[in-house]
Amino acid sequence: MKITDFLNIKGVKLDLEATDKEGVLQEMVDLLGEVKDLGDKKAIMKALIERENLGSTGIGQGIAIPHGKTDKVDGLAAALGVSKKGVNFEALDGEPVYILFLLVAPKDAAGPHLKALAQISRLLRDSYFCELLRRCKTPKDVFELINKEENRKV
């Protein structure tokens, strides 16, 4: 499984505007809604907030991987956002978040959901990659960077 299999170039935004957790989650859900028919966006927001209530998906080092499961999608769906200002996401290290990778999966897709999360976290674990990602000027640049990194590791 590759990230480029479930991330659409239209689901990449390099200038997130929100500066708080709920605002940026809504912005990311709206972005995802432009790529994939999500049906009830409120249900997806509810699933994401319920997951955040278990513990922040702000994993530290400027990265958050908000994720949730819902019966509103028929397959994995992802959006990637970069904030220039930083977002107060209640990250584990207390630092602002600059890279957000949103993942939504069907309720019955535990295997693919976990594989996708593993792929995303493997990619974002590389601080050099994250620095390159933050320097990207266009969604196409982001997509090419991810594609190049995934093909390099195959």
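Computed from the coordinates by the stated procedures, all read-outs in this text should not be read as laboratory data. Being a predicted model, the structure only gives us computed values, none of them experimental. No Cβ is skipped: glycine too gets one built from the backbone with ideal geometry, and neighbour counts run over all protein chains shown.
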Straight-line reach only, C-alpha to C-alpha below 30 angstrom: list the lysines that K42 could link to, leaving out same-chain residues fewer than 8 apart.
K2, K10, K13, K21, K69, K72, K84, K85, K107, K115, K140
Going by C-beta contacts inside 10 Å, put S56, S121 in order with the fewest on the left.
S121, S56
For the chain, what is the Kirkwood estimate of the hydrodynamic radius, computed as the reciprocal of the mean inverse distance between distinct Cα atoms, to one decimal in Å?
15.2
